[in-house]
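One structure below.
The values are calculated or read from the model by the stated rules, or taken from the named source; none is laboratory data. Predicted, not measured: the structure shown is a model, and the values here were computed from it. As a convention, Cβ positions derive from the backbone with ideal geometry for all residues, glycine included, and neighbour counts pool all protein chains shown. These area figures cover heavy atoms from the full protein model, side chains too; ligands, DNA and RNA do not enter into them. Shrake-Rupley method; radii C 1.70, N 1.55, O 1.52, S 1.80 Å.
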Amino acid sequence: MSRFVAEVDLDAVSANVARLDRACGDAAVMAVVKADGYGHGMVPSARAAIAGGATWLGVAFAEEALALRAAGIDVPILAWLLAESDDLEPLVRAGVDVSVSAPWALDRAVAAAASAGRPAQVHLKADTGLGRAGATRADWPDLVTAAAKAVADGTVEVSGIWSHLAYADAPAHPTIAAQLAAYGEALDVADRAGLRPRVRHLANSAATLALPETHYDVVRPGIAVYGLSPGPDVGSTAELGLRPAMTLRAEVALVKRVPAGQGVSYAHRYTTTRETTLALIPLGYADGVPRHATNVGPLAIGGRRYRISGTVCMDQFVVDVGDDAVHVGDDAVLFGPGDAGEPTADDWAAAVGTINYEIVTRVGARVPRRYVGGPS
Ligand SMILES: *Cc1c(COP(=O)(O)O)cnc(C)c1O
């Protein structure tokens, strides 16, 4: 045991990717490993995803793409959230594809290509209705024209044309058909300008699992790679054939008997109603246990379920375990796949009013990741 650990089952990651690969027919899988692999560890997750059949990797930021290359990972990588201050030249040199939503970004890619001495691989992003990144329908023709000119100059290759859905986790939502139509239109505009993208891609996890008409050439699942459902309307983890990869556990650091009427933790948001045993768990909001889990966060100790008692602190929280025989050093499981009756990341999300994505991604940097399984 260790004081606390996030165990990551890399075989589960590989199996989840294989499951997604089967779900998307002929399309290729771009496993999304941004944000340190949704908290699971970026490089080990990337390797496990590749072992499971992913042939692309997706990240948000330049540093993430370069860290994958530095680890010796040589599959195609797309980095999609580049800022004006980012230096694109190392990305072009490292053969990382970059997303372009506006002419200024295309200019940056052209300049980076000139200094790197090789063409930049760009994925032109259309805003088909999400209202986030991407060129609007009004701005798209100019971006396409500028890209066609850069292609003719030999400075840029259009690897992809892509977009992102607003409501994929609500598979019957009317915006999906509207976004598909807008995406089709954006592809037609590009085609008329002579652009021949190698890949077209639109689908996140929810769309990969629930919306085959969005698959195109590549799908971009993130949360499902780590075995979590993208949303209840898509299906539960078990229904989707996924396996949660992360188990967050800690060692009980202190137990003590206290009388009735003992206020517990800051501001005494919990008070004992009878003589009882309190157990101290050395994980807090600095480690990703949401402060909103005060009095509601679930956990299991010795296979029995409890709830956090009182305020979640920076480094610790307390659990009233009644008269149960809980001892210093016992294993407390905050969430895991649920096999042994422990809560899941979905249970945590429901308890604190967020989504499972936030529960796993926010597990803090001081919690060591311990890997089990994985490609040799
Ligand atoms: C994060 C992200 C994904 C993955 O989304 P999931 O819902 O985790 O599958 C795909 N595409 C883009 C652009 C993203 O930002």
Tilt, helix 42-51 to longest principal axis of the chain (alpha-carbon atoms), in degrees rounded to tens, equals 70
Val252: net charge of surrounding residues, Cβ under 10 Å, Lys/Arg +1, Asp/Glu -1, itself excluded? -3
Rounded to the nearest 0.05, what FRET efficiency do Thr271 and Arg69 have when you use their Cβ-Cβ distance and R0 = 45 Å? 0.25
Computed over segment 153-272, the convex hull of the Cα set has an average projected area, in nm², of 14.1
Among Ala120, Gly25, Ser205, whose Cα lies farthest out toward the positive end of the dipole of the chain, if unit charges sit on the beta carbon of Lys, Arg (+1) and Asp, Glu (-1)? Ser205
Express the relative contact order of the chain as a whole percentage, based on alpha carbon pairs under 8 Å and six or more residues apart in sequence. 18
For the chain, give the magnitude of the charge dipole about the Cα centre (Cβ charges: +1 Lys/Arg, -1 Asp/Glu; no others), in debye to the nearest 20. 440
I'd like the orientation of helix 174-192 relative to the chain: the angle between its Cα long axis and the longest Cα principal axis, in ° from 0 to 90, rounded to 10. 30
Within the set of other residues whose C-beta is less than 14 Å from the C-beta of Gly227, count the net charge using Lys and Arg as +1 and Asp and Glu as -1. -4
With +1 at each Lys and Arg Cβ and -1 at each Asp and Glu Cβ, the charge dipole magnitude of segment 246-372 around its Cα centre, to the nearest 20 debye, comes out at 280
Rg/Rh for segment 157-199, where both radii come from Cα atoms and Rh is the Kirkwood radius: 1.07
Using +1 at the Cβ of each Lys and Arg and -1 at the Cβ of each Asp and Glu in the chain, identify which of Tyr306, Ile355, Leu81 lies farthest towards the dipole's positive end. Tyr306
Between Val296 and Thr55, what FRET efficiency comes out of the Förster formula 1/(1 + (r/R0)^6) with R0 = 41 Å and r the beta carbon distance, rounded to 0.05? 0.50
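Quick check on packing: order 253-262, 188-197, 110-119 by the mean number of other C-beta atoms within 10 Å, highest mean leading.
Values: 253-262: 13.1, 188-197: 15.1, 110-119: 16.7.
The most tightly packed comes first, giving 110-119, 188-197, 253-262.
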Tell me the carbon and sulfur percent of the accessible area for segment 246-372, rounded to whole percent, probe radius 1.4 Å. 52
In nanometres, the difference between 0.36 nm per residue of separation and the alpha-carbon distance of His173 and Ala260 is 26.1 nm
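For segment 246-372, calculate the relative contact order in percent as a whole number, restricting contacts to Cα pairs under 8 Å that are 6 or more residues apart.
Relative CO of segment 246-372 lands at 28 percent.
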Note to self, the chain gives a 222 nm [θ] from helices alone (DSSP H runs n ≥ 4, -39500 (n - 2.57) apiece, / all residues, nearest 500) of -8500 deg cm²/dmol
Label zone at Arg22, where the point sits 7 Å out along the Cα-to-Cβ direction: segment 228-264 residues whose backbone N lies under 11 Å: 241-242
Let me know the whole percent of all Cα-Cα pairs from the chain that are separated by more than 28 Å. 50
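What whole-number value in Å² describes the accessible area per residue of the chain for a 1.4 Å probe?
41
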So how tilted is helix 103-116 from the main axis of the chain? Cα-based, degrees 0 to 90, rounded to 10. 80
